[in-house]
Amino acid sequence: MNPATSSPEETAVYRKVTWRLIPLLFTCYILAYIDRVNVGFAKLSLKAEPWFSETVFATGAGIFFLGYFFFEVPGNIILHRVGARRWIARIMISWGLMSALMAVSHSAASFYTLRFLLGVAEAGFFPGIILYLTYWYPRQHRARIVALFMTAIAASGVIGGPLSGWLLKVSSGWLGLAAWQWLFILEAIPTILLGCAVPFLLADRPAQATWLTAAERDLLEANLAEDEKTKTAQGHRAHRVRDAFLSGKVWLCCAIYFGAIVGLYGVSFWLPQIIKDTLTQDDWQVGLFSAIPWACATVGMLIVGRHSDRTGERRWHIGLSALVAAAAFSLSGLPGLHPWLVLAILAVAITGVMSTISCFWSLPTAILSGTAAAAGIAWINSVGNLAGYLSPEMIGWLKTHRDLQTALNAVACALAISGLLVIFGTRPAQAPKP
């Protein structure tokens, strides 16, 4: 079943499912990403605290991903067993509370502890959503659907940047609290509220969706069953938890995703500071300018994901996106460039990174099924997101001991390796000659 050749009836059913699920999941992920990376904006105000420094920021930004790493796999297995509605609600309420508690940080140790616990609370959200989408969409639709869902990262930059900049500008001194404290508190409230509503808004599987007709539910289930038969016929038999950890393809996916995430968090945490250093000292304007690259990425990743689904080609879409991002990161660090040109090049870099990540998830979901899919998706995300720990530390150290150009070149190298691994490591096996 190719999306380009689907019947009008089938297309209408998937459109109905998409309009029901994606706006909600999109909103959830916007809140998740804002609560995860708003520390990059809080840093602009936290600099006034005597216990805060560039080193504290880099370590605190990255330590989130250690908590995330240890609880991803068990969290996703639990979601697979108990259902997405309850587990996603639990995750959102927990991380919203922990994000608000970031406001009580009073030392480097408390900052590290709360960032670690925020990672523990959010663990399982992103891979859980990727797994959840496999309950509804066969693999022929997934690059486009994941791209739609992941435009939330780009949208969080478009929305979260100006919002965070505005909050920093207007909230300082409210009720005796600093601007960074209000930033954490106010941006956590919508997450908690939406988390409470999720159990009433999501259905775990097509069979439980009362908003679908019986014929529509049957069509979705039949397409998913056919997708599983195709996997089996092609030799993809990873169904058990242990299969996910023994698969060389899964470990290759881990390596590819690791390099892509170096690029993602390299720019997510440091973009506000780069803009403040080069374009403007006004926090509100920093937020507005930071929205520009993410807006470009929103459009670009949707175009790449749609084209990948339409052609059925994955390897070159992912690999070339990563290589374009690598080249752009390297160019953005060249000395003497006009600040607006740097921002334009970073827009290309972010678009390449986001296109890489959104199309990437069509690879592991095509080789994993059942509990192995729950464990494998979470494991790839866990290992990949260790780059979220490495990337801020690496950029912070290189920026301090060398310069920003060296730091951006390191990010470019990681992305280039990912691109080459996709292009040369995921080539289809050649059929034996007769």
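The table for this structure:
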{"quantity": "The range 78-158, dipole about Cα centre (Lys/Arg Cβ +1, Asp/Glu Cβ -1), debye to the nearest 20", "calculated": "340 debye"}
{"quantity": "Alpha-carbon centroid distance for the pair the range 96-175 / the range 16-33, whole angstrom", "calculated": "13 Å"}
{"quantity": "Note, ³J(HN,Hα) from phi for the range 329-338, Karplus 6.51, -1.76, 1.60, rounded to Hz, x at Gly and Pro", "calculated": "4, 5, 5, 5, x, 5, x, x, 6, 5"}
{"quantity": "Dipole magnitude (debye, nearest 20) for the range 3-425, charges at Cβ of Lys, Arg, Asp, Glu", "calculated": "580 debye"}
{"quantity": "Residues residue 215 and residue 113, FRET efficiency given R0 of 60 Å [Cβ-Cβ distance, rounded to 0.05]", "calculated": "0.70"}
{"quantity": "Relative packing of 348-354, 410-416, which averages over residues the other C-beta atoms within 10 Å, highest first", "calculated": "348-354, 410-416"}
{"quantity": "Part-to-part distance (alpha-carbon centres) for the range 190-227 and the range 298-341, which is given in Å", "calculated": "33 Å"}
{"quantity": "GNM top mover of 38, 223, 409 - the chain, alpha-carbon springs below 10 Å", "calculated": "223"}
{"quantity": "Computed over the range 3-425: relative contact order in percent, which uses C-alpha pairs under 8 Å that are six or more apart", "calculated": "26 percent"}
{"quantity": "Protection proxy ranking of 66-74, 44-52 - average other beta-carbon atoms within 10 Å, highest first", "calculated": "66-74, 44-52"}
{"quantity": "In order through the range 101-107: 3J(HN,Hα) via Karplus (6.51 cos²θ - 1.76 cosθ + 1.60), integer Hz, x for Gly, Pro", "calculated": "5, 4, 5, 8, 4, 9, 7"}
{"quantity": "Fewest-first sequence of 77, 345 by Cβ atoms within 10 Å of each Cβ", "calculated": "77, 345"}
{"quantity": "Under Karplus coefficients 6.51, -1.76 and 1.60, residue-wise ³J(HN,Hα) of the range 33-49 in Hz, glycine/proline x", "calculated": "6, 4, 5, 7, 10, 5, 4, x, 7, 4, 3, 5, 9, 5, 4, 6, 7"}
{"quantity": "For 9, 187, 313, order by how many other beta-carbon atoms lie within 10 Å, fewest first", "calculated": "9, 313, 187"}
{"quantity": "Estimated FRET transfer efficiency (residue 229, residue 19; beta-carbon r; R0 22 Å; 0.05)", "calculated": "0.20"}
{"quantity": "Neighbour-count ranking [beta-carbon atoms within 10 angstrom, fewest first] of 28, 254, 359", "calculated": "254, 28, 359"}
{"quantity": "Overall form of the range 25-82 per C-alpha gyration tensor (a/c, 1.5; a/b vs b/c)", "calculated": "oblate"}
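Rule-based calculations on the coordinates, nothing more; no lab input. For clarity, every value in this text was computed on a predicted model and none was experimentally measured. Counting neighbours? That spans all protein chains shown, and the Cβs are built from the backbone with ideal geometry, glycine included.
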